[in-house]
Amino acid sequence: GYLNYNKLENPGQKILLFLPAKETHELGLLFANYIFRSKGHHTMYLGADLPDSDVVSVLNTYNPDKIFTSVTTSLHLKTLRRVIDKLSLPDIKIPILISGGILKDHRIELPKNFHKIEKLNDLTPFL
């Protein structure tokens, strides 16, 4: 589900968090949302199983400073490739933080603005 926190007096960066279509493993996304919020960032948490068209629509209206997403298993390899294609358009230059077990299981080449988050310390430079 959608969680939006608009009551911060001095919000930091705007972070969009979502899981792509067919991805339902939400625990890591919830934890990332908590970490960003604890550092004073404004988060838009869209939750699990978000259709591709909704991601593009929200990007155009929310204008986040960063995106965080996760793909967990090899069963979702096609989903990951689709997310990379959707978010690697020339006009999307913001950092895209991507996590999930699938990154350890497969060698996946990511565009420059994508950053693998394999452990908690990998998130630190983006806070």
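The values are calculated or read from the model by the stated rules, or taken from the named source; none is laboratory data. Here the structure is a predicted model, which means the values were calculated and not measured. Cβ coordinates were reconstructed from backbone atoms using ideal geometry, including for glycine residues, and neighbour counts include every protein chain displayed. Each accessible area value is taken on the protein alone, full model and side chains, heavy atoms only, with ligands, DNA and RNA left out. Shrake-Rupley method; radii C 1.70, N 1.55, O 1.52, S 1.80 Å.
A few comments on the model shown:
- Computed FRET value (nearest 0.05) for Asp65 with Ile108, which takes r as the C-beta separation and R₀ as 30 Å: 0.80
- Met44 long-range amide H proximity, modeled H, under 5 Å: Ile15, Leu16, Leu17
- Computed over protein heavy atoms with a 1.4 Å probe, the carbon and sulfur contribution to the accessible area of the chain reaches 54%.
- Using the Cβ of Ile117 as centre and a radius below 13 Å, the other residues enclosed give a net charge of +2, where K and R count +1 and D and E count -1.
- Of all lysines in the structure, the ones whose alpha carbon falls short of 22 Å from that of Lys116, not counting any fewer than 8 places away in one chain, are Lys14, Lys22, Lys39, Lys66, Lys78, Lys86, Lys93, Lys104.
- Over the chain, DSSP H runs of length four or greater, each weighted -39,500 (n - 2.57), average out per residue to a 222 nm ellipticity of -8500 deg cm²/dmol.
- Built amide H within the under 5 Å cut-off of Leu97, gap 5+: Ile67, Phe68, Thr69, His115
- For Thr73, net neighbour charge (Lys/Arg +1, Asp/Glu -1) across residues whose Cβ lies under 13 Å away: +1
- Solvent-accessible ranking of Lys66, Lys104, largest area first, probe 1.4 Å: Lys104, Lys66
- Considering only beta bridges that DSSP places wholly inside the chain, some 10 percent are antiparallel.
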